[in-house]
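To start, the structure under review is shown below, and the notes come after it.
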Amino acid sequence: MKTLAVAALGALMMTASAPAQDKPAEEGFTSLFNGKDLGGWIYGKSGKGENKSGRGYQVENGLLFCTKGDGGNLFTEKKYGDFCLRFEFKLEVNANNGLGIRAPLEGDAAYAGMELQILDDSGPSYTKLRPEQYHGSIYDVVAAKRGSQKPVGEWNVQEVTAKGRQITVTLNGTVIIDANLDDVKDEKVLKKHPGLANAKGHIGFLGHGARVEFRNLRIKEL
C-alpha cells in the first residue's frame, strides 16, 4: 500500500509540474503576419499618402506598425472576398490609419475599395468629424457606434466580417457596424465609392503619418 501511495504521489507531482499546453488555434483561421517580416504583404500605390521613405511599415518585437510621420498602404498579396478577420491594434494620441477591404493595389482604397476607419476617437484633432469618419466606420458611407474603444495606449480587439453585402465590425466585444451595403441608396455616395460593389480585393492598412501597432492578425475565408 505504501509503495502504491508513493507512486500515486509521484504521478500527481509530475502532472502538476508538466507545462501547460498551448491553446488550440482558432478553427479555420490562418495567420496573416509571421511576426518577423512583411512576408505575404506588398506596398500599394496611392496618389496621396504613399510612403516617401520606404519605411511606411516595420516589424519590431513581433509587432507590425506604421511609422510615425510616414504613410503608405500595405496590402496582403492575396485577395479576399468573404472572410472573418481578427486582429489587435494600439493607438497613440491622434493616431489615424485605416483598414482597406476588397481593395485594389492602386488608387485610394477608401473609394476604389472600402476603408474601415482606424482612429483615436478621443483625439483632440478629431472633435469635429462627420459621424462616418470615426473609428470602425465605413469611411464616408456608414457611421459606426462609438464608445467601445479603449484608452490610448491599450490594446483593442477587433473583428471584421465581410459576407456578401453584409459588413459587420465588432470592437472589444461590441458590434459597432452591422450594415448591408445594398441599403446604401444615395446616388452621390455610390458614385463616389464604386468600390462598394467589389466582391473581392486585397486587405490592407492605410497609413496617415501616425504610429499604429498591430498584432495577432488572422483570417478565415467564408
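Numbers at a glance
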quantity	calculated
Counted residues, region 143-157 - those being surrounded by 14 or more Cβ atoms within 10 Å (Cβ to Cβ) and over 10 Å from LYS90 (Cβ atoms)	7
Residue that is farthest from GLU77 (Cα to Cα), among those in region 42-65 that are at pLDDT 85 or above and assigned to a loop (DSSP other than H, G, I, E, B)	ASN61
Options GLY201, GLY173: the member that is closer than 17 Å to ARG86 by Cβ and either at pLDDT 95 or above or surrounded by 20 or more Cβ atoms within 10 Å (Cβ to Cβ) (or both)	GLY173
Any hit, region 159-167, residues being within 16 Å of ASP108 (Cβ to Cβ) and more than 16 Å from the chain's Cα centre (by Cα)	no
Criterion: in contact (Cβ under 8 Å) with a residue 12 or more places away in the chain, exposed (fewer than 13 other Cβ atoms within 10 Å of the Cβ) and not aromatic (Phe, Trp, Tyr) - qualifying residue of ASP182, ASP178	ASP182
Members of region 111-131 that are in contact (Cβ under 8 Å) with a residue 12 or more places away in the chain and hydroxyl-bearing (Ser, Thr, Tyr)	TYR111, SER122, SER125, TYR126
Residue check, GLY100 farther than 17 Å from LEU38 by Cβ, of a type outside the set (A, V, I, L, M) and either at pLDDT 95 or above or touching a Lys or Arg at 6+ places or on another chain (Cβ under 9 Å) (or both)	no
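One line per residue, one yes/no per condition, for (1) free of Cβ contacts under 8 Å to residues at least 24 places away in the same chain; (2) buried (at least 23 other Cβ atoms within 10 Å of the Cβ); (3) over 27 Å from LEU196 (Cα atoms):
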residue: GLY62; (1), (2), (3): no, no, yes
residue: ASN73; (1), (2), (3): no, yes, no
residue: VAL93; (1), (2), (3): no, no, yes
residue: GLU106; (1), (2), (3): no, no, no
residue: ALA109; (1), (2), (3): no, yes, no
residue: GLU159; (1), (2), (3): no, no, no
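Matching residues to (1) modelled with pLDDT under 95; (2) polar (S, T, N, Q); (3) touching a strand residue (DSSP E or B) at 6+ places or on another chain (Cβ under 7 Å):
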| position | (1), (2), (3) |
| --- | --- |
| TYR134 | no, no, yes |
| SER137 | no, yes, yes |
| LYS185 | no, no, no |
| ALA197 | no, no, no |
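The values are calculated or read from the model by the stated rules, or taken from the named source; none is laboratory data. Because the structure is predicted, anything quoted here is derived from the model rather than measured. Here the Cβ is made from the backbone with ideal geometry for all residues, glycine too, and neighbour counts use every protein chain on show.
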